[in-house]
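The values are calculated or read from the model by the stated rules, or taken from the named source; none is laboratory data. As the structure is a computational prediction, the values presented were derived from the model and not from experiment. Here the Cβ positions follow ideal geometry from the backbone for every residue, glycine too, while neighbour counts run over all protein chains shown. Each accessible area value is taken on the protein alone, full model and side chains, heavy atoms only, with ligands, DNA and RNA left out. Shrake-Rupley method; radii C 1.70, N 1.55, O 1.52, S 1.80 Å.
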Amino acid sequence: MTVDALTDVTGLRVGHANRTGDGWLTGTTVVLAPDGGAVAAVDVRGGGPGTKETDALDPRNLVQKVEAIVLTGGSAYGLDAASGVMAWLEEQERGVRVGADPAHVVPVVPAACVFDLGRGGNFRARPDAALGRAAVEAAAASEVGAAVAEGCVGAGTGATVGPVKGGVGTASTVLDSGITVAALVVANAAGSATDPETGALYGELFQGRVNYPDAHVHDAARRRLAECAARNAPPPLNTTLAVVATDADLSKAQAQKLAGTAHDGIARAVRPVHLLNDGDTVFALATGVRGLDAGQPLALNEILAAGADVVTRAIVRAMRAAESVDGRGGVWPSYTELYGSHATRH
């Protein structure tokens, strides 16, 4: 049984930790790999990323597998959350072995951040090592194959997409070959996820027929957004983060290709992306449970295409799951508040 989430890739677990109120509106999300790790890669398209340990994922370099990926709020400050994850992994003796003693490990914990500073009202309220530890402990405590919370949770707690509330979304698919491909996305962009002429979600235009909002609904939504914009500072950065994963047996080079093509899924659902101030980053994980038939490049192509598709759908789900925020740092209505049941896909 699948739950249409990243956790449909057997062995992957997801944990969120967040803080809200008293100036806080931020959080951290951890994707925990099976014990022994997963093949990992990354593709950074944004011109202003905030990342940690991404060089280790270069196919030319030593590290082959990682135990966890961290997605966090707090801009570059929030990357400290990875230290809490690293400490927890060391306690579990999980990481790259650097000595004969099983306790002598160095956990490699790649991380990337979104900009949400000050959105709760306090610029200094940002994730730290303790919040990262809470997120990885939540992942470890979850059941294999468990559903994943979406919306204003974890790294998506303070996320916005233009003037609309963003958040975390996830989706999965099973190919005819039996291989699973899934994604988890933190949608936090200066660009828009909605067509300004109709109010329809860009990502849903790629999924089939769309029931467009009535004109009066769209007009009311635009008035509401104009009211909110008068209270908010414009988003300074355009950062969408994603983890795309599969249970296929991929090399690091193949996983890097998967991370790259998955960016197409972001470009379908958010406009603009990949600009100078963007931090758009996609990680790829491959658990290696299912082999690829030798000499069958089409099998890999199907995985690459599916990776982009599930990223697009995860962004749509993030937008639909997010809840409105009206706080000290600003006001961001959710897509559901603006359009209700309108623009749902048929």
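Can you tell me which residue in the range 118-158 is surrounded by the most Cβ atoms within 10 Å (Cβ to Cβ), limited to those that are under 19 Å from the mean Cα position of the chain (by Cα), of a type in the set (Gly, Ala, Ser) and assigned to a loop (DSSP other than H, G, I, E, B)?
Per the stated criteria, the residue is 158.
For the range 65-119, which positions are in contact with a helix residue (DSSP H, G or I) (Cβ under 7 Å, 6 or more places away or on another chain) and without any contact (Cβ under 8 Å) to a residue 24 or more places away in the chain? Give the steps one after another, and end with the answer.
Going through the range 65-119, the residues in contact with a helix residue (DSSP H, G or I) (Cβ under 7 Å, 6 or more places away or on another chain) turn out to be 67-68, 70-73, 80-85, 87-88, 95, 105, 107-111, 113-115, 117.
Answer for the range 65-119, where residues must be in contact with a helix residue (DSSP H, G or I) (Cβ under 7 Å, 6 or more places away or on another chain) and without any contact (Cβ under 8 Å) to a residue 24 or more places away in the chain: just 105.
Residue by residue through the range 258-305, note down the ones that are among the acidic types (Asp, Glu) and open to solvent by less than 10 Å² (accessible area, probe 1.4 Å). Quick ask: steps written out before the conclusion?
The first filter runs over the range 258-305 and keeps only residues among the acidic types (Asp, Glu), leaving 264, 278, 280, 293, 302.
Across the range 258-305, the qualifying residues are 278, 280.
Can we say residue 106 is open to solvent by 60 Å² or more (accessible area, probe 1.4 Å) and in contact with a His (Cβ under 7 Å, 6 or more places away or on another chain)? Quick ask: steps written out before the conclusion?
Working: open to solvent by 60 Å² or more (accessible area, probe 1.4 Å): yes; in contact with a His (Cβ under 7 Å, 6 or more places away or on another chain): no.
Here the answer is no, as residue 106 does not meet what is asked.
Yes/no per residue for (1) in contact (Cβ under 8 Å) with a residue 60 or more places away in the chain; (2) in contact with a Leu (Cβ under 9 Å, 6 or more places away or on another chain); (3) closer than 21 Å to residue 12 by Cα:
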{"site": "127", "(1), (2), (3)": "yes, yes, no"}
{"site": "154", "(1), (2), (3)": "yes, yes, yes"}
{"site": "157", "(1), (2), (3)": "yes, yes, no"}
{"site": "202", "(1), (2), (3)": "yes, no, no"}
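Tell me the residue from 258, 241, 225, 237 that is closer than 21 Å to residue 111 by Cα, modelled with pLDDT under 85 and aliphatic (A, V, I, L, M), please. It would help to see each step written out before you state the result.
Working: 258 fails: modelled with pLDDT under 85; 241 fails: modelled with pLDDT under 85; 225 fails: closer than 21 Å to residue 111 by Cα.
It is 237.
Which condition does residue 198 not pass, out of (1) open to solvent by 20 Å² or more (accessible area, probe 1.4 Å); (2) of a type outside the set (Phe, Trp, Tyr); (3) within 30 Å of residue 292 (Cβ to Cβ), if it passes all the others?
Of everything listed in (1) open to solvent by 20 Å² or more (accessible area, probe 1.4 Å); (2) of a type outside the set (Phe, Trp, Tyr); (3) within 30 Å of residue 292 (Cβ to Cβ), residue 198 misses just condition (3).
Which of (1) within 18 Å of residue 316 (Cα to Cα); (2) open to solvent by 40 Å² or more (accessible area, probe 1.4 Å) is the odd one out, the single condition residue 204 does not satisfy?
In the conditions (1) within 18 Å of residue 316 (Cα to Cα); (2) open to solvent by 40 Å² or more (accessible area, probe 1.4 Å), residue 204 misses (2) alone.
For the range 1-117, which strands (runs of 3 or more DSSP E) that fit wholly inside it have 2 or more residues that are of a type in the set (D, E, K, R)?
Values: elements: 13-21, 24-32, 38-44, 68-72, 111-113.
The qualifying strands (runs of 3 or more DSSP E) are 13-21.
If we scan the range 231-245, do we find a residue that is in a loop (DSSP other than H, G, I, E, B) and polar (S, T, N, Q)? Give the derivation first.
Initial filter on the range 231-245 (in a loop (DSSP other than H, G, I, E, B)): 231-237.
From what's left, polar (S, T, N, Q): 232.
Yes, the range 231-245 contains a residue that is in a loop (DSSP other than H, G, I, E, B) and polar (S, T, N, Q).
Of 165, 252, which residue is in contact with an Asp or Glu (Cβ under 9 Å, 6 or more places away or on another chain), of a type in the set (Lys, Arg) and crowded, with 21+ Cβ neighbours inside 10 Å?
Details: 252 fails: crowded, with 21+ Cβ neighbours inside 10 Å.
None of the other options fit; the residue is 165.
Based on what the data block shows, is residue 204 of a type in the set (Asp, Glu) and assigned to a helix (DSSP H, G or I)? Write out each step before concluding.
On the way: of a type in the set (Asp, Glu): yes; assigned to a helix (DSSP H, G or I): yes.
When the stated conditions are applied, residue 204 passes them.
Out of all the residues in the range 64-78, which are surrounded by fewer than 24 Cβ atoms within 10 Å (Cβ to Cβ), within 19 Å of residue 259 (Cβ to Cβ) and at pLDDT 95 or above?
If we filter the range 64-78 for residues that are surrounded by fewer than 24 Cβ atoms within 10 Å (Cβ to Cβ), which is where we start, we get 64-65, 75-77.
Keeping just the survivors that are within 19 Å of residue 259 (Cβ to Cβ) gives 64-65.
Residue satisfying the conditions is 65 alone.
Within the range 306-327, identify whether any single residue is more than 28 Å from residue 218 (Cβ to Cβ), out of contact with any strand residue (DSSP E or B) (no Cβ under 6 Å at 6 or more places or on another chain) and open to solvent by 10 Å² or more (accessible area, probe 1.4 Å), and answer yes or no.
no
Return the pairs, sorted by first residue and then second, in which the second residue is open to solvent by less than 50 Å² (accessible area, probe 1.4 Å) and basic (Lys, Arg), the first residue lies in the range 1-26 and is touching a residue at least 12 places away in the same chain (Cβ under 8 Å), the beta carbons are less than 8 Å apart, and the residues are 6+ apart or on different chains.
So the pair list comes out as 25/119; 26/119; 26/126.
Collect the residues in the range 45-64 that are touching a Cys at 6+ places or on another chain (Cβ under 9 Å) and without any contact (Cβ under 8 Å) to a residue 60 or more places away in the chain, keeping them in residue-number order. Working first, answer last.
From the range 45-64, those touching a Cys at 6+ places or on another chain (Cβ under 9 Å) are 49-52; that's our starting set.
Matches in the range 45-64: none.
Go through (1) touching a helix residue (DSSP H, G or I) at 6+ places or on another chain (Cβ under 8 Å); (2) modelled with pLDDT of 95 or more one by one and return the number of the condition residue 177 breaks.
Of (1) touching a helix residue (DSSP H, G or I) at 6+ places or on another chain (Cβ under 8 Å); (2) modelled with pLDDT of 95 or more, only one is false for residue 177: (2).
Basic (Lys, Arg), closer than 19 Å to residue 243 by Cα and open to solvent by 60 Å² or more (accessible area, probe 1.4 Å): does that describe residue 45? Walk me through how you get there before you give the answer.
Details: basic (Lys, Arg): yes; closer than 19 Å to residue 243 by Cα: yes; open to solvent by 60 Å² or more (accessible area, probe 1.4 Å): yes.
It is true that residue 45 is basic (Lys, Arg), closer than 19 Å to residue 243 by Cα and open to solvent by 60 Å² or more (accessible area, probe 1.4 Å).
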